[in-house]
Structures are given as structure tokens and as C-alpha cells.
Amino acid sequence: MTHSFPNGHLFVGGEWQAGTGAEIVSVFAAEGTENMAFKGASREDVLTAIDRAKAAQSDPAWRDLKPHERATYLYRISEAIAAEVDRLSWLQSRDTSKTRTEARALVASAAATFRYFGAVLETSDDLMTASRGDYQTYSVHDPIGLVAAITPWNSPIASDAQKAAPALAAGNAVLLKPASWSPIISLELARIIEQAGLPKGLFSVLPGSGRDVGNLLVEHPEIGKVSFTGGTSTGRHLAHVAAEKLMPISLELGGKSPTIVFEDCDEDQAIAGVLFGIFSSTGQSCIAGSRLFVQRSIFDRFVAKLVQATKALKIGHPFDADTQVSSMVHADHREAVEGYVQQALDEGGEILTGGARPEGVGLDDGAYYRPTIIAGLDNSARTCREEIFGPVLVVLPFDDEDDVIAMSNDNDYGLACGIWSRDHRKCWRVARAIRAGTVWVNTYKQFSITTPFGGDGASGMGREKGRAGLRAYQRQKSIYEDHSGAPLGWARWP
């Protein structure tokens, strides 16, 4: 089936209109071709969206909806996404060069996220708290108001849903700023949300640069919360702005996640997990298991098997059903990854496999890069400390539990970790000792919308997903209601 691109108009406060900002060019990096070019959002577009969002969010038609009534919108959006998996996955692949298999999974995840938060909304209760006097106390939750959602380029529709669904469920208006490298799928999400009947003004999609659009959204006094997924340096800047405003902010930032392979593991299972953890999504994942620690007693044998398995991975076009490793999102990003590999060599690292662009029919024009394994570095090397965000794995030996826990935690990031061992008690000890928001045991990169996700340290703060994900977009309020009918004694009245 042949699909078409959106017309390039932006969704500004419920109205489709041409952007008046800088030009955005969406490229299909797998072929080195252009998808489409259009004008992004300007300062004036953002201000218009904010004004419309404020009016829509404060309208009793939305503000006074009962939870189960708001939930119906989320269910409609979920059903509409699920009905367009083929088109949406095609656009996501064109936008990011992800394989169609992964793109379909991300679209399905977005549909499930809207459905889940509809259910959470219907089953979430406010609380009548225990009274300490002749009065009744309640704890209730109100919308924050206007929420800025800033999402990354590596898995846009799933990230969009992860922020927009709970924020809308909580009764807010959402202003979504997608990354300039992957704006198309977010515009399609706006079309679906519009068709689901969401009141006009409650959702906007504002592609543009962080400087022109992102900063204005974060700094604007009407924005009551920011949810950001992206780089750590940008996250730190946004946190400073939020601190000045005394505004809540959620930050899901970078990672340099350790994967730990003990000598008593199932080696075949571990190798499959390590490969998936670092090389799926072409390594362009914040949770990628990019530091591999292997117990010294099996290090040589395990790494040799891993290298052999890595060489067997299928590099190819994202629309080829057999492809495991596709193109990177952009040629500029591939150059950045190549710079890190050169840095590893300068630091004394040895490339065991990869470290170059692949050659072959259909690959020369795209932003492809071979899955790369590097040995011979110390855990203090720059390549072991900084997020590369590409298909690059560093392997290091360790001696025992204490040794690997110390090395794993010796990093600014704290997003994820993988552990491979048949000893469940040991896995539990190590999982509890590792500083990370998510730990996988004998698996990797498995997700559930029911389970909170986020990081510590340079990997961010706050959690998304799970039942508490709804409350992250609400303000808690306590109400005291007198039952005595008597004046407060302090006033001595009457």
C-alpha cells in the first residue's frame, strides 16, 4: 500500500495552519532522501497555541467532565491509533529509519498507553482521610493546567503518548514539541486526536528548535508543568528554568547502562539479551546496555561468542522484514557516533568488530553503521562514561559482585541495568545495589505501561507510566469540612 505524507501544516490550538517559523526538513536517512519540508512553529505560533490551550482547559465543557467522561476520549484515541498501524508505522519508519517491525511495536505501544490511562482514570479515587477532630478531611486532585511535552526523535509516537495520555487524562491541555528530526508522526497523532473529538485547543503539535519553541514553552508563565525526554545537558537547563518558576518538571534523560554477565549465566540467553539491549534500534536508545561487564572467568569465551553473533546481525533497509540493524536517524548523528569510536581508539581501545560503515547494495546512500564492540578500555575512559547513542558496546571484565557493583555505579547516569545469572538471590542483591531506575534480570528492554519508568542522577528525575503517572500531571488539594457547627474557640465569638 502506498502512503502519503501530511501536508505540512501545524496543529496550533486545534486549528491546522501553516507554520511561520524556520523550515524543517524531514529526511529518510536509510536512503539519504528527503521526506518533506515545511515551516515549523514560530514564537507567534506558540503564543497562539498557549492562548487557545488556556481557554480550552478552563472551559467548563472540559474542566467539569467527570473522570469516566474524559476516559472516553482516551479510548477513542487508542482505537483510532490501533486502526492505523500500517500507515503510522510507515511514517515512523520514514521519519526515523527504524525497522517497520519496531515501528509497528511503537505504534501499538502508543495505542495501549492511551487505553491504559483511560482505565486508570476510571478507576482512580480521591481519598477521604482519617479525621483528627470534629471535621471531615478529603484529599482531591486537580489538573495542573497547561503542560508542555517535549519528546525525542528516537521513538516519537510512543514518547508522545507516554506524556500526552496521562496529561489529558488528568484534565490538562497539552502542547507537544516533537524533535525536528522526527516531526511527521506527531502531526499524524494530532490528526487522530482531532478525529477522536477532543475539544479544540486542548492539544497542539509545535515542531521547531529547542531554542525557538522549547525555551518559550518552558519559560512561559502559563505553562504549569514540563515533561521532557532528551539529552542531559538540555535537561539541566530546563531544570534551572523550572526552579526559577517553582514549576514541577519530569526529566527522562540519557544513560550509560551497565549489563552484567555472571559466570553462572545461561550464555546463549545472555548473548541474545546483550545483542538486543545494545544493537536493537541501532543503539539509539536511552536505555541501551552500552557497558558490558563480563565475569573474568568467562570473559574471553563469552566475548568471542558475542563478537561472532554480532557479525551475524542483518544490516539492511528498514522496510526489509529480515533487517535487525537499520540506518541511523541522520547522517550528522552517524558522524557523532564515529567521533566517539575514534575517541575510543585514541584512548587505547581495540575494535573487536564493526567500527566502520557497511558496504553493499542499498547501504551506501544511507546513514548506516556497523554494530561495534570495543575492548581494552578502563571504566574511567570517556567512551565508558558518556552516552554515545549508537550501536557501540564497550566490554570490560570484573571479578566479583562488589567489583561489578562499584564499577556499574561509578557513572553519573542511573537509568537502567541488565543482570544475567541463574542465581536468583544474587540477582536480587545486585539489582537492589545498582543505582538505576529500571533493572532487568535475565531479560532486557522489556516494558509495561503499568510499571513506573525513569532515572536517577544524570538520567533525570520523576517517573512516568503506572497508576502514579496520572498523578504526576495533577495538583493535590486537601479540604477540611467542619461538622461541629461551633465557631473556632480562639476568636471567642460570639
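The values are calculated or read from the model by the stated rules, or taken from the named source; none is laboratory data. Since the model is a prediction, treat every value here as computed from it, not as a measurement. As a convention, Cβ positions derive from the backbone with ideal geometry for all residues, glycine included, and neighbour counts pool all protein chains shown.
Residues checked against (1) within 20 Å of Ser280 (Cα to Cα); (2) of a type in the set (Asp, Glu); (3) touching a residue at least 12 places away in the same chain (Cβ under 8 Å); (4) not assigned by TED's automatic domain parsing to the domain that holds Phe279:
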position: Leu345; (1), (2), (3), (4): no, no, no, no
position: Ala356; (1), (2), (3), (4): yes, no, yes, no
position: Ala367; (1), (2), (3), (4): yes, no, yes, no
position: Ala381; (1), (2), (3), (4): no, no, yes, no
position: Glu386; (1), (2), (3), (4): yes, yes, yes, no
position: Leu396; (1), (2), (3), (4): no, no, yes, no
position: Ala406; (1), (2), (3), (4): no, no, no, no
position: Asp412; (1), (2), (3), (4): no, yes, yes, no
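With the requirement that a residue be without any contact (Cβ under 8 Å) to a residue 40 or more places away in the chain and not charged (D, E, K, R), what does the stretch 414-435 give you? Hits for the stretch 414-435 are His424, Cys427, Trp428, Ala431, Ala433. Considering (1) under 27 Å from Val303 (Cα atoms); (2) touching a Lys or Arg at 6+ places or on another chain (Cβ under 7 Å); (3) surrounded by 13 or more Cβ atoms within 10 Å (Cβ to Cβ), the lone condition that Ser408 does not fulfil carries the number (2). Residue check: is Arg94 touching a residue at least 40 places away in the same chain (Cβ under 8 Å) and either surrounded by fewer than 23 Cβ atoms within 10 Å (Cβ to Cβ) or more than 19 Å from Pro156 (Cβ to Cβ) (or both)? Considered against the rule, which asks whether it is touching a residue at least 40 places away in the same chain (Cβ under 8 Å) and either surrounded by fewer than 23 Cβ atoms within 10 Å (Cβ to Cβ) or more than 19 Å from Pro156 (Cβ to Cβ) (or both), Arg94 comes out as no. The residues in the stretch 122-160 that are of a type outside the set (Phe, Trp, Tyr) and over 30 Å from Leu47 (Cβ atoms) can be counted, and the count is 17. In this structure, Asp86 does not satisfy being of a type in the set (Asp, Glu) and at pLDDT below 95. For Asp45, the stated conditions hold: it is of a type in the set (Asp, Glu), buried (at least 19 other Cβ atoms within 10 Å of the Cβ) and farther than 26 Å from Gly366 by Cβ.
Examine the stretch 146-167 for a residue that is assigned by TED's automatic domain parsing to the domain that holds Ala55, under 20 Å from the mean Cα position of the chain (by Cα), of a type in the set (Lys, Arg) and not in a helix (DSSP H, G or I), and state whether such a residue exists. No: the stretch 146-167 contains no residue that is assigned by TED's automatic domain parsing to the domain that holds Ala55, under 20 Å from the mean Cα position of the chain (by Cα), of a type in the set (Lys, Arg) and not in a helix (DSSP H, G or I).
What about Val361, is it of a type in the set (Val, Ile, Thr), part of a loop (DSSP other than H, G, I, E, B) and out of contact with any helix residue (DSSP H, G or I) (no Cβ under 9 Å at 6 or more places or on another chain)? Against the criterion (of a type in the set (Val, Ile, Thr), part of a loop (DSSP other than H, G, I, E, B) and out of contact with any helix residue (DSSP H, G or I) (no Cβ under 9 Å at 6 or more places or on another chain)), Val361 qualifies. Considering each residue of the stretch 46-84, count those that are over 25 Å from the mean Cα position of the chain (by Cα) and over 29 Å from Asp126 (Cα atoms), and give that number. Final tally of qualifying residues: 4.
In this structure, is Arg467 of a type in the set (Lys, Arg) and touching a helix residue (DSSP H, G or I) at 6+ places or on another chain (Cβ under 9 Å)? Yes; evaluated as a whole, the condition is true for this residue.
Determine if the stretch 67-83 includes at least one residue that is assigned to a loop (DSSP other than H, G, I, E, B) and of a type outside the set (A, V, I, L, M). No; the residues of the stretch 67-83 include none that is assigned to a loop (DSSP other than H, G, I, E, B) and of a type outside the set (A, V, I, L, M).
Leu313 meets each of the listed conditions (1) in a loop (DSSP other than H, G, I, E, B); (2) touching a strand residue (DSSP E or B) at 6+ places or on another chain (Cβ under 7 Å); (3) over 19 Å from Glu102 (Cβ atoms) apart from (3).
Just one of the numbered conditions (1) in a strand (DSSP E or B); (2) surrounded by 13 or more Cβ atoms within 10 Å (Cβ to Cβ); (3) touching a His at 6+ places or on another chain (Cβ under 9 Å) is not true of Leu470: (1). Pairs meeting the criteria (first residue in the stretch 470-494 and within 30 Å of Phe453 (Cβ to Cβ), second residue of a type in the set (Phe, Trp, Tyr) and assigned to a helix (DSSP H, G or I), beta carbons under 7 Å, at least 6 apart or on different chains) are Leu470/Phe117. Within the stretch 17-40, residues that are among the acidic types (Asp, Glu) have Cβ atoms under 9 Å from residues that are part of a loop (DSSP other than H, G, I, E, B) and at pLDDT 95 or above in these pairs: Glu23/Gly40; Glu31/Ser97; Glu31/His317; Glu31/Ser327; Glu31/Gly366, counting only partners at least 6 apart in sequence or on another chain.
Across the stretch 119-131, a minimum of one residue is classified as touching a helix residue (DSSP H, G or I) at 6+ places or on another chain (Cβ under 6 Å) and buried (at least 20 other Cβ atoms within 10 Å of the Cβ). Gly201 - would you say it is closer than 30 Å to Arg385 by Cα and not hydroxyl-bearing (Ser, Thr, Tyr)? No. You will find that of Val325, Val329, the residue that is outside the structural domain of Asp86 (by TED's automatic domain parsing) and touching a strand residue (DSSP E or B) at 6+ places or on another chain (Cβ under 8 Å) is Val325 and no other.
The residue of the stretch 310-358 that is farthest from Ser182 (Cα to Cα), among those that are of a type in the set (Gly, Ala, Ser) and crowded, with 17+ Cβ neighbours inside 10 Å, is Gly349.
For first residues located in the stretch 289-301 and assigned by TED's automatic domain parsing to the domain that holds Gly437, partners that are of a type in the set (Ser, Thr, Tyr) and modelled with pLDDT under 95 and lie 6+ apart or on another chain with Cβ distances below 9 Å do not occur. Where helices (runs of 4 or more DSSP H) sit wholly within the stretch 171-275, those with at least 3 residues that are surrounded by 24 or more Cβ atoms within 10 Å (Cβ to Cβ), in contact (Cβ under 8 Å) with a residue 12 or more places away in the chain and in the same structural domain as Phe114 (by TED's automatic domain parsing) occupy 184-195.
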